């Protein structure tokens, strides 16, 4: 449905997007994940034809965005990071304008009413957009993207700045839309992406650093297992002893508790088990283990590691 | 294009812009009508519109300042540029919106001619010719201001720059008289708007004048399209 090939966007010497390729099948919700300034918005702006790429191609359902912009754009519903709302218009007038602008061929009143019902803004027709709350503005932006039932929906951080209830509503909406549309959806909140999406692309510094099905993401990406311990005794001796254990990659002291105990995390090699070794080592130096808990690296930590390792230092400027 | 045109027009009339612009326009044209026709006991309307030239140069930047600068600032250009509408249609829609508001202002001129006709038979050829001249002049100046608006994100900057250019066009004749190098003076004379506009107010309809204004309009609308296109590529 959406084919992106070798997409690169340069701003002077800076590569905002660096040779990105991916394709999305119909009916898939793709999560686009990355820290601020990773190139998510730039990529989405290129896919929707708002800006052009320095090199590379984007094809929407067989239509190239540069060669066939009208056909390609007609297949996309786009909700940019800041919803493109004319604040001096009423909700109804705005949606009618967008309906005409997109040259939608459906029955106008019925379709607009249907879209408004879908995003729960029925009853707001007569309100001026500038008087709406952030959450409602976002929904009007959403409604605008849905006009004409485009097969591809591109949503740039649709949940930013909403309250928890609204976030849940928008997430449910995206999930229900994913049944009929191809959705590309960006976020810097990992839990959100892993909750909604079928597939996740992690992007950092303009490069794709991971591309996997959501449920396989953890398994494919994680190299390390983790053990969380609370041990009593001199921490220097404990750390030194833990580091001697084979397959241990790193030991970190998190915090100290009263009574000469402290909390440590130990990263160790995948497919090994160090729990017995840890027990033996600690009993050797007579430092009792008060608590031991094994757990995988959380998605959040993995995300941080990935975007740091492969993408380099992330900066805050948004693209 | 019609969607954009409709939105532009309704946006002028939903805000104070249309009413302020029309008020100012009607006030000054009424003033000049009173001074040059009633006070002077004349039925000659051409002085009224020779003077309106200066007012128009201030009003048009106000009409056109928002066209693209505000879209860019509010990020609504994202909706326009990602819709299945070409840049040319967007620019034409915006231009026509401003032009129609301007034409509504100008139509008061025809009313003056009707008023005159109660006292004496006006020279309809002069009236209609002048009216065409006003529309053509306004069209070209709107195109220039739409272009300026596409260059900036601030409508204030667009309006001030537009007025500055309007002043330069107003005073072109004085500038030319100050320049002693003949070829430069000749060249500037060729792009002096007043030279072309005045012929209309005399009732002279010449193809040269019409083509001049139409080509200025087309040229700046084309530049606007190019500027929007360039922004996507940079």
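Coordinate-derived values only; no laboratory data. Here the structure is a predicted model, which means the values were calculated and not measured. Every residue, glycine among them, receives a Cβ derived from its backbone with ideal geometry; neighbour counts consider all protein chains shown.
Key figures
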| item | result |
| --- | --- |
| Qualifying residue in segment A:130-139 (condition: within 20 Å of residue A:180 (Cα to Cα), touching a strand residue (DSSP E or B) at 6+ places or on another chain (Cβ under 8 Å) and in contact (Cβ under 8 Å) with a residue 12 or more places away in the chain) | no |
| Criterion violated by residue B:231 - all others in (1) under 16 Å from residue B:72 (Cβ atoms); (2) surrounded by 13 or more Cβ atoms within 10 Å (Cβ to Cβ); (3) away from chain A (no Cβ under 14 Å) satisfied | (3) |
| Selected residue (criterion: farthest from the other protein chains (Cβ to nearest Cβ)) from residues of segment A:90-128 that are touching a helix residue (DSSP H, G or I) at 6+ places or on another chain (Cβ under 6 Å) and not in a helix (DSSP H, G or I) | A:122 |
| Residue among B:91, B:126 that alone is surrounded by fewer than 23 Cβ atoms within 10 Å (Cβ to Cβ) and away from every other protein chain (no Cβ under 14 Å) | B:126 |
| Tabulated pairs, segment A:152-167, first more than 21 Å from residue A:179 (Cα to Cα), second assigned to a loop (DSSP other than H, G, I, E, B), C-beta under 9 angstrom, 6+ apart or interchain | A:160/A:81; A:160/A:188; A:160/A:189 |
| Hits in segment A:12-28 (condition: without any contact (Cβ under 8 Å) to a residue 24 or more places away in the chain, within 14 Å of chain B (Cβ to nearest Cβ) and part of a strand (DSSP E or B)) | A:14 |
| Failed condition for residue A:101, given (1) in contact (Cβ under 8 Å) with a residue 24 or more places away in the chain; (2) surrounded by 14 or more Cβ atoms within 10 Å (Cβ to Cβ) | (1) |
| Wholly enclosed helices (runs of 4 or more DSSP H) of segment B:1-76 bearing at least 1 residues within 14 Å of chain A (Cβ to nearest Cβ), within 16 Å of residue B:155 (Cβ to Cβ) and under 20 Å from the mean Cα position of the chain (by Cα) | B:2-14, B:17-33, B:66-73 |
| Elements of type strands (runs of 3 or more DSSP E) in segment A:174-278, at least 3 residues being touching a residue at least 12 places away in the same chain (Cβ under 8 Å) and more than 30 Å from residue A:152 (Cβ to Cβ) | A:224-232, A:248-257, A:261-269 |
| Among (1) over 23 Å from residue A:11 (Cα atoms); (2) crowded, with 18+ Cβ neighbours inside 10 Å; (3) in contact with a helix residue (DSSP H, G or I) (Cβ under 8 Å, 6 or more places away or on another chain) - the single one residue A:72 does not satisfy | (3) |
| Any pair with Cβ under 9 angstrom, 6 or more apart, that starts in segment A:52-65 at a residue that is free of Cβ contacts under 8 Å to residues at least 12 places away in the same chain and ends at one that is assigned to a strand (DSSP E or B) | A:62/A:3; A:64/A:57; A:64/A:58 |
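Quick grid of which residues meet (1) more than 9 Å from chain B (Cβ to nearest Cβ); (2) touching a strand residue (DSSP E or B) at 6+ places or on another chain (Cβ under 8 Å); (3) under 24 Å from residue A:199 (Cα atoms):
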residue	(1), (2), (3)
A:30	yes, yes, yes
A:37	yes, no, yes
A:43	yes, yes, yes
A:74	no, no, no
